[in-house]
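Asker: Take this structure first; my questions come after.
Nothing in this text is a laboratory measurement; each read-out follows from the coordinates by a stated rule. This structure is a prediction, so every number in the text was calculated from the model and none was measured. Don't worry about glycine lacking a Cβ; one is built from the backbone with ideal geometry, like all the others, and counts go over all protein chains shown.
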Amino acid sequence: MITSYLNALVAHNPKMLPLAANARFTEDTVEKPLGEGLWKTASGSLSLGTFRQDVIDVRQSVAGTHVVMQENGAPVLFQVRLKVVVSRISEIDTTVVHNQSEGMIFRPDELKTASPAMNLTPERFQLNTREEMIRLALLYPAGLKVGSFVKVDAQFAPDAYRLENGQMMAGPKCTFMPGCTNIREQRLPTLAGIVAGVAAVDEEQGIVWLRMSFGPGSLIGREGTLMVWEMFKIYGGQIHAVEAFMKTAPLGTGFGWDL
């Protein structure tokens, strides 16, 4: 279904999709007629890049992805969440990040292929239950809420990293700022107004996909909020990788969907 959606998008032809009668479409939390927004501006058959990270929630019939695409010859970061009911798409929830002003961080050139860490298939004995995976992932926004992953005892693997809009922001290979090599102990802002919801849980691959609004204080020197789609690779009781697409929005912007 994800591939069908992307192929229809680059063909500028929503009629290619198997849609439910009540299908609903949003782009950047705004409801629109299907065929508007990026449907009109994606750069045709060459618009799909080489980076694509999927998440499949079989239990909830949800499929999602983060991809790099082209719009009018320039790269954009694109996210889509699909709800599929009886082989038909009933919900389409998308975000498009066009530039650094919209994303705060914008390094699509660094996103060449999906990362090995996020796509490692855990052994069955390493997989946590759905409920435990969600609990571990939600320690991340809980840590941002109080300004410390240590205080909430977030469980990160020693080599865990965080990638945001293509920029390495934490982990052993991070050079962004002093202290960023240790994701658990790095200095954090206190985002008391953060709101988080679970968008999907891939129980076979060990990925939890959270949708978050970081709230006041998340845009340095600016009013507004960061709206974030964040994937957490979880197995063996630890977070091994964190990869996010994020976009700025006015304070008070909602998700547009119940999660």
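Asker: So for TRP209, TRP39, fewest C-beta neighbours within 10 Å to most, what's the order? Mind dumping the intermediate values first?
Answerer: Working: TRP209 26, TRP39 20.
Ordered from fewest to most neighbouring Cβ atoms within 10 Å, TRP209, TRP39 come out as TRP39, TRP209.
Asker: Can you tell me which aspartates and glutamates have their Cα less than 13 Å from the Cα of LYS233? Leave out same-chain residues fewer than eight positions away.
Answerer: Of all the aspartates and glutamates, those that pass the test against LYS233 - Cα under 13 Å, at least 8 places apart if same chain - are ASP54, GLU132, ASP159, ASP202, GLU203, GLU204, GLU243.
Asker: Between region 69-97 and region 104-141, how far is it from one alpha carbon centroid to the other, in angstrom?
Answerer: Each part's Cα centre sits 19 Å from the other's.
Asker: Once a ≥ b ≥ c are taken as the square roots of the eigenvalues of the Cα gyration tensor of region 156-259, is the result rounded (a/c under 1.5), prolate (a/b larger than b/c) or oblate (a/b not larger than b/c)?
Answerer: It is oblate, given that a/c is not under 1.5 and a/b is not larger than b/c.
Asker: Under the rule that an exposed site lies in a DSSP loop and has at most 10 other Cβ atoms within 10 Å, name the longest stretch of the chain with no GluC sites (Glu not before Pro) of that kind, not counting the sites themselves. Don't skip to the answer; put the middle values down first.
Answerer: Working: sites that count: GLU123, GLU223.
That would be 1-122.
Asker: Now, a different point. Considering the convex hull of the alpha carbon atoms of region 22-152, report its projected area averaged over all viewing directions, in nm², one decimal.
Answerer: Dividing the Cα hull surface by four gives the mean projection, 10.8 nm².
Asker: For the chain, find the longest principal axis of its Cα atoms and tell me its angle to the long axis of helix 130-146, 0 to 90°, nearest 10.
Answerer: Approximately 70 degrees, to the nearest ten.
Asker: Out of all Cα-Cα pairs in region 2-98, roughly what percent, to the nearest whole number, are more than 19 Å apart?
Answerer: Every Cα pair in region 2-98 considered, those over 19 Å come to 35 percent.
Asker: Could you calculate the contour length gain from ARG88 to ARG59, that is, 0.36 nm times the residue separation minus the distance between their Cα atoms, to one decimal place in nm? Before the final figure, lay out the partial values.
Answerer: Details: separation 29, 0.36 × 29 = 10.44 nm, distance 1.57 nm.
That pair, ARG88 and ARG59, stretches by 8.9 nm at full extension.
Asker: With contacts defined as alpha carbon pairs under 8 Å and 6 or more residues apart, what's the relative contact order of the chain in percent?
Answerer: This gives 17 percent for the chain.
Asker: What FRET efficiency do you get for GLU110 and ALA21 if R0 is 51 Å and r is their Cβ-Cβ distance, rounded to the nearest 0.05? Show your work: numbers first, answer last.
Answerer: On the way: r = 41 Å, r/R0 = 0.81.
Rounded to the nearest 0.05, the efficiency is 0.80.
Asker: What is the fewest-to-most order of LYS145, LYS247, LYS40 by other Cβ atoms lying within 10 Å of their Cβ?
Answerer: Going from least to most buried by this count: LYS40, LYS145, LYS247.
Asker: For Kirkwood radius over Cα pairs in Å, one of (i) 24.4; (ii) 19.1; (iii) 18.6 was computed from the structure I shared and the rest are decoys. Which label?
Answerer: From the options (i) 24.4; (ii) 19.1; (iii) 18.6, the structure gives (iii).
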